[in-house]
Amino acid sequence: MNIVDIINKKRLNKELTPEEITFFVDGYVQETINDYQMSSLLMAICINGMSYEETSNLTEVMLHSGDTIDLSMLKGIKVDKHSTGGVGDKTTMILLPLVAACGVIAPKMSGRGLGFTGGTIDKLESIPGFKTNLTNEEFINQVEKIGCSVVSQTGNLVPADKKIYALRDVTGTVESIPLIASSIMSKKLASGADKIVIDLKVGNGALMKNLEDARTLATTMVEIGKRHNKEVVCLLTDMNQPLGNAIGNALEVKESIDVLDGKGPKDIRNLVIVLATIMVSLGLNISTEEANKLVLEKLSNKEGLKKFREMVAMQGGDIDAIKVSDKVVSIKSKKTGFVKSINTDMLGEIVRKLGGGRYNKEDNIDSSVGIVLSIKQGDYILEDEEILKVYINEKDIKVEEILECFEIDNTSGGVLPLVYELIK
Ligand code: URA
């Protein structure tokens, strides 16, 4: 077998065998296949796609390229949640303690942010003292004791994805449904949960820009799950505006606490309720009606918040010490009209420029900076009314650049839905 034949086969849009897939993944990890050959093959996959069979086989080989996590010592159904990433997406921090308060077992490995969306680990680390690098034993003990824990992904989980993703990032081959599906699913399957809920973001602040592509990706991931005997549920949700009002690490933790305290913006609260209902229904094997009742109860009696405090304390964090910058600038609208659209990516980029995100893996993050929106898409705003507050520290802002993120018009354009559909 040789790599040139495999590249040619994919270029001619033929289906690759499991042996050929194993050959190129293992060869790339072991460096017998080099970057230019792999780039060429990835581009052929990008253009010609892969069948379910090929995508499932690719996932399988990637999943076994490194360590896999064994959670079998935890009794009960383990439910994992994954988000494909979006600006202001703080759902994991709220969901995990909330579903754990309902009795679901929710161990979670999360990533750091690279790019404009930010990662859950960075957000949680804005809580002074919060440890995300627990040992396996500490992680399992905590989940046994309180039902939930969030830790950073271990070094050797799916190394094939790390290597292939880094190459995709610089060769224009990120946007391929089989490559995205196998990348996400290999990591989810390696993390050891029994059931997986995926919040698949769609819109101008997401990787999937339209519903049709999002549906195809969701169906592919559900199918991979079936072939690996894992139940996968995908919820297609909107990312044409930030989720909630807060963008920025410490600000997002504070907003998460607000939601668990029965307050907070409507959109994030509602999305958390939908996702938690799905997770509780899967984790406890009960109907969605029963699950929804339980979730609402744990929100209103603040048991979700109590669980969050417990999780933070067990991981060494001090909620009362969370700090946001006290240098706050209010940005006002120059126009009267409806907020027709919000450039979500750009707002995420602005927070990154303020120091709230990374450009390189080694960069330090300033947790205290960010943005809090005062309006959402579809709202009516008056000239001189506040659009948002910016929390700054050392880096300055360009007001014009911020205002350009908002299209304000005489016609409303309607209000965007929060959830599009569920695929399972
Ligand atoms: N997220 C992933 O983990 N992988 C991709 O390929 C895209 C998004």
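Quick notes on this structure:
- Residue among 249, 245 that alone is open to solvent by 20 Å² or more (accessible area, probe 1.4 Å), modelled with pLDDT of 95 or more and in contact with a strand residue (DSSP E or B) (Cβ under 8 Å, 6 or more places away or on another chain): 245
- Condition met for residue 201 (in contact with a helix residue (DSSP H, G or I) (Cβ under 9 Å, 6 or more places away or on another chain) and open to solvent by 30 Å² or more (accessible area, probe 1.4 Å)): no
- In the range 189-217, the residues that are within 15 Å of the ligand (Cβ to nearest atom) and part of a helix (DSSP H, G or I): 189, 190, 213, 214, 216, 217
- Test: residue in the range 86-98 that is open to solvent by 30 Å² or more (accessible area, probe 1.4 Å) and either modelled with pLDDT of 95 or more or away from the ligand (no atom under 16 Å from the Cβ) (or both): no
- Note on the range 152-165: residues that are within 10 Å of the ligand (Cβ to nearest atom) and either at pLDDT 90 or above or open to solvent by less than 20 Å² (accessible area, probe 1.4 Å) (or both) total 3.
- Residue that is modelled with the lowest pLDDT, among those in the range 33-75 that are among the small types (Gly, Ala, Ser) and open to solvent by less than 50 Å² (accessible area, probe 1.4 Å): 66
- Residues of the range 398-424 satisfying the condition of being in contact with a helix residue (DSSP H, G or I) (Cβ under 7 Å, 6 or more places away or on another chain) and either in the same structural domain as residue 267 (by TED's automatic domain parsing) or not charged (D, E, K, R) (or both): 402, 405, 418, 419, 420, 423
- Cross-chain or 6+ apart pairs with Cβ under 8 Å, the range 32-57 first and in contact (Cβ under 8 Å) with a residue 40 or more places away in the chain, then basic (Lys, Arg): 42/168; 45/10; 52/227; 56/227
- Hey, residue 28 open to solvent by 50 Å² or more (accessible area, probe 1.4 Å), modelled with pLDDT of 95 or more and not polar (S, T, N, Q) or not: no
- Breaking point among (1) surrounded by 18 or more Cβ atoms within 10 Å (Cβ to Cβ); (2) closer than 22 Å to residue 352 by Cα; (3) more than 16 Å from the ligand (Cβ to nearest atom), for residue 142: (2)
- Selection of strands (runs of 3 or more DSSP E) fully inside the range 277-382 by the criterion of at least 1 residues being in contact (Cβ under 8 Å) with a residue 60 or more places away in the chain and in contact with a Lys or Arg (Cβ under 6 Å, 6 or more places away or on another chain) returns 327-332, 370-373.
- Take the conditions (1) under 21 Å from residue 319 (Cβ atoms); (2) more than 15 Å from the ligand (Cβ to nearest atom); (3) touching an Asp or Glu at 6+ places or on another chain (Cβ under 9 Å); residue 78 misses just one of them, which is (1).
- Within the range 406-419, one or more residues are surrounded by 18 or more Cβ atoms within 10 Å (Cβ to Cβ), under 19 Å from residue 239 (Cα atoms) and either of a type outside the set (A, V, I, L, M) or modelled with pLDDT of 95 or more (or both).
- Output for the range 195-209, where each listed residue is more than 15 Å from the chain's Cα centre (by Cα) and either modelled with pLDDT of 95 or more or outside the structural domain of residue 106 (by TED's automatic domain parsing) (or both): 195
- Tally, over the range 271-307, of residues that are of a type in the set (S, T, N, Q), within 30 Å of residue 373 (Cα to Cα) and open to solvent by less than 70 Å² (accessible area, probe 1.4 Å): 3
- Residue pairs whose Cβ atoms lie under 6 Å apart, separated by 6 or more positions or on different chains, with the first residue in the range 252-265 and buried (at least 19 other Cβ atoms within 10 Å of the Cβ) and the second of a type in the set (D, E, K, R), are 252/90; 252/123; 253/123; 256/90; 259/269; 264/255; 264/258.
- Per-region count, the range 166-184, residues in contact with a helix residue (DSSP H, G or I) (Cβ under 9 Å, 6 or more places away or on another chain), more than 9 Å from the ligand (Cβ to nearest atom) and not in a loop (DSSP other than H, G, I, E, B): 3
- A Cβ distance below 7 Å, combined with a sequence gap of six or more or placement on separate chains, defines the contacts here; from the range 167-191, residues that are touching a residue at least 12 places away in the same chain (Cβ under 8 Å) reach residues that are within 9 Å of the ligand (Cβ to nearest atom) and aromatic (Phe, Trp, Tyr) in the pairs 183/165.
The values are calculated or read from the model by the stated rules, or taken from the named source; none is laboratory data. These figures come from a predicted structure and were not determined experimentally. Backbone-built Cβ (ideal geometry, glycine too); neighbour counts: all protein chains shown. Just so you know, the surface numbers come from the protein's heavy atoms only, side chains and all, with ligands and any DNA or RNA stripped out. Shrake-Rupley method; radii C 1.70, N 1.55, O 1.52, S 1.80 Å.
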